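The values are calculated or read from the model by the stated rules, or taken from the named source; none is laboratory data. These numbers come from a predicted model, not from an experiment. Here the Cβ positions follow ideal geometry from the backbone for every residue, glycine too, while neighbour counts run over all protein chains shown.
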Amino acid sequence: MRIILYTGKGGVGKTTIAAATGIKLAELGYKTIVISLDAAHSLRDAFDSEEKLVRGSTEKQTQINDNLWIQEINIQEAIVEYWDDVYNYIRSLLNRSGLENLVAEEIAVFPGMEEICALLYINQYVRENAYDVIILDCAPTGESLRFVSIPTTLEWYMNHIFKLERSLAKIAGPVIERVSSVPIPRDNYFQNIQDLFDKLEGIDSVLTDAKITTVRLVTNPEKIVIKETQRAFMYFCLYGLCIDAVIINRIFPEEVEAEYFEFWKQTQQHYIKAANNYFSDVPIWRVNLFADEIVGEPGLRQLADALYADINPASQFSDESPYQFQKTEGAYQLSMRLPFLSKEEIELVKHGDELIVTIGGFKQHVALPRSLSNKKTTGAKLTKEGLVITFEAEARG
Ligand SMILES: Nc1ncnc2c1ncn2[C@@H]1O[C@H](COP(=O)(O)OP(=O)(O)OP(=O)(O)O)[C@@H](O)[C@H]1O
Ligand SMILES: [Mg+2]
């Protein structure tokens, strides 16, 4: 079983490449689903599959051929499917404030809701072993990062806040309700969250297991796009995901000779060279700009051939986890692959058995092995590859 995320800046070609990869994998005999996580879906359009509700299609999924399905996650549907009681509680809260008739559309805007719904489907498919390969056509980088950070955030919430809230509501709820008009959630609300969490259990390790999940960053040979790709590279590493390829899309082909594009071609060559240099740890695949937009299966197949040739996209092109714990001379070291990071933007706090790493607006709770929970950090060093944190040595004797 493989999960492959295609992500990158808006408009770089994520959906088209994810769809083309689906076609290639299906041809190679893998049972494949391409799932769109972007609320502004365009996956169905990429396949031009409006009228093509084939045999095995259901309300959620469209079957493209014997081995290929696509799914655009419908968050309202997912909320109703998975989250009845939470939905009812939120609705009852909102209704009391005079905002009647609020429905799933409004609840969908609660932060993280979309990502949780997507994770629920993915974990369900993983548990049922329903597909050989799950391809995720991600939203632009920022939202994709929120998606991959949700499992750890949720786990943190469940461990630190949820239990407390649940017992408080049980004990103090009836009293509060007598003196205020705010409804206190019944225990089935909490049970529902617990059930939901149980359904998500394990997704965290699936996403950070480099043998299962890898990320492919799609980029274009332009300054701002390459810059964002560098940031994305670092942030995905921060959340423990393995990046196993970078795809440079929309390269002007050699045969374009019009003078108008000469400058463009030079600029692109400059940034292709830069990208080869920045991302030299992983394979870099290139795709030319086609003569027309790529819509429908024949175009997607052509793109897949240009992109992969003899490469099997289900393979792993790196299986290096971004976090490595090593023991050298009695002392532990945590190496975090965080390229392109500068000293000024990182903040580190060790709190019991976790290391809290903050870079820019992104925070990650890194769970430390038990043997390190009572050890102090003795240093942190920033290298070209990333961050190396050392912990105090074992007590001797
Ligand atoms: N190599 C290419 N040659 C020609 N057209 C391309 C190429 N790659 C992508 N396109 C076209 O560019 C447009 C945008 O591509 P796509 O929707 O895949 O980008 P995206 O990264 O998914 O965008 P968004 O961030 O909006 O989800 C589409 O019309 C697609 O057909
Ligand atoms: Mg897209």
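Results, tabulated for the structure shown:
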| item | result |
| --- | --- |
| Inter-residue pairs, beta-carbon under 6 Å, first in contact (Cβ under 8 Å) with a residue 60 or more places away in the chain and within 16 Å of Arg2 (Cβ to Cβ) and in region 293-321, second of a type outside the set (A, V, I, L, M, F, W, C) and assigned to a loop (DSSP other than H, G, I, E, B), 6+ apart | Ala314/Tyr30; Phe317/Pro283; Asp319/Lys211 |
| Test: residue in region 124-143 that is crowded, with 23+ Cβ neighbours inside 10 Å, part of a strand (DSSP E or B) and not aliphatic (A, V, I, L, M) | yes |
| Options Glu394, Glu329, Glu320; residue that is at pLDDT below 85 and either surrounded by 14 or more Cβ atoms within 10 Å (Cβ to Cβ) or within 30 Å of Ala20 (Cβ to Cβ) (or both) | Glu320 |
| Restricting region 287-305 to residues that are among the charged types (D, E, K, R) and part of a helix (DSSP H, G or I), the residue that is farthest from Ile23 (Cα to Cα) | Asp305 |
| Filtered residues of region 5-49 (kept if among the β-branched types (Val, Ile, Thr) and more than 15 Å from ligand 1 (Cβ to nearest atom)) | Thr32, Ile33 |
| Single condition Asp353 does not satisfy, out of (1) surrounded by fewer than 17 Cβ atoms within 10 Å (Cβ to Cβ); (2) more than 20 Å from Thr153 (Cβ to Cβ); (3) acidic (Asp, Glu) | (2) |
| Candidate set: region 211-233, residues that are more than 13 Å from the chain's Cα centre (by Cα) and aliphatic (A, V, I, L, M); chosen: the one surrounded by the fewest Cβ atoms within 10 Å (Cβ to Cβ) | Ile224 |
